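*Asks:* Have a look at this one.
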Amino acid sequence: MAQAFSQQVDLSDFIGMHPESGQAVDSLPYEFRDANGCILQQGHTNESGDTQRVMTEKQEQIVLYVGTGDWKLAMDGKHDL
């Protein structure tokens with residue numbers, strides 16, 4: 001089955017952007033997890049403060065964790081088209 005649902009999160013407000021270059025001050029680790037706590041994707045934010053796009057086969061509830069174990073931020077979201 002094709003992966004038809006995706007989500008990408010812009011964390012630039014959370015990270016902070018360099019005023020002259022417009023690039024993220026830091027790269028943050030993150031994890032997308034499903035409702036059962038299984039990791040769907042993990043990585044680091046890019047120079048624009050974005051996560052990679054996470055893809056699933058069906059619409060589902062996902063949670064984004066940002067940080068390194070002592071999570072700095074957690075966001076629930078409805079995973080839509």
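The values are calculated or read from the model by the stated rules, or taken from the named source; none is laboratory data. What you are looking at is a predicted structure, and each value in this text was computed from that prediction instead of being measured. So basically every Cβ, Gly included, is an ideal-geometry build from the backbone, and we count neighbours across all protein chains shown.
*Asks:* Quick one: in region 5-36, which of the residues that are of a type in the set (Val, Ile, Thr) and touching a residue at least 12 places away in the same chain (Cβ under 8 Å) is nearest to residue 54 (Cα to Cα)? Quick ask: steps written out before the conclusion?
*Replies:* Here is the first cut: in region 5-36, the residues of a type in the set (Val, Ile, Thr) are 9, 15, 25.
Next cut, touching a residue at least 12 places away in the same chain (Cβ under 8 Å) only: 9, 15.
On the way: 9: 9, 15: 20 Å.
So, considering only residues that are of a type in the set (Val, Ile, Thr) and touching a residue at least 12 places away in the same chain (Cβ under 8 Å), the one nearest to residue 54 (Cα to Cα) is 9.
*Asks:* A further question on this structure: Looking only at region 10-54, count how many residues are modelled with pLDDT under 90, in contact with an Asp or Glu (Cβ under 9 Å, 6 or more places away or on another chain) and under 14 Å from residue 67 (Cβ atoms).
*Replies:* 3
*Asks:* Restricting to region 25-68, what's the tally of residues that are of a type outside the set (A, V, I, L, M, F, W, C), surrounded by fewer than 18 Cβ atoms within 10 Å (Cβ to Cβ) and not in a strand (DSSP E or B)?
*Replies:* 14
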